[in-house]
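Step one of this worksheet: look at the structure below.
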Amino acid sequence: MTQKSYAMNFSIILGVSVVLMLFFFILVAHHHDLPDRVQQHRGALLTTGSTVAERIKPVGQLSVASAETQREPLKDAVAAPPPSRDGQQVYQASCVVCHGAGIAGAPKLADKGQWSKRIAKGVDTLYASAVNGVQGSTGAMPARGGNPALSNAEVKAAVDYMVGQSK
């Protein structure tokens, strides 16, 4: 290497060193009074007399009222369960998707050939398959027809409806 390249390398190293030292100096100078600033902000918060609960409380509240006049709830009243639907209504709401088109091996409604071997196993087996679901070589049935909101009684009513239509 020539003396010129040594001088160039030295000047690059010197320049980088100066930049790093300048950066370090600015960093230290900026953070020099940080503990004092934190103490000032903490003091401002604590001298206002506010508690933690007051400082973190929500800014506002959302209240949604119905268009109807709200009535007083009846005291000691037991909430009535929602009325259950009959088998045809459950079938139309949940089961028709698969049993109407025969998706995933589901026997079509009113297809006596597909339903006869299932009906022969007994209605209790059909109920258990509908409530718990089935994974088999001929297809899959999700538990409660894929609708977890259905009650056992509604599922059984839908099975009874489909069996009645397929005999």
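Every number in this text was worked out from the coordinates using simple rules, so none of it is lab data. All of these numbers come straight from a predicted model, not from anything done at the bench. Please note: Cβ atoms are built from the backbone with ideal geometry, for glycine as well, and neighbour counts cover all protein chains shown.
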**OP:** Using a 10 Å cut-off on Cβ atoms, rank the peptides 105-118, 150-163, 25-38 from the highest mean neighbour count down.
**Re:** 150-163, 105-118, 25-38
Subject >> Mean projection area, nm², convex hull over Cα of the range 87-165 >> reply: 4.4
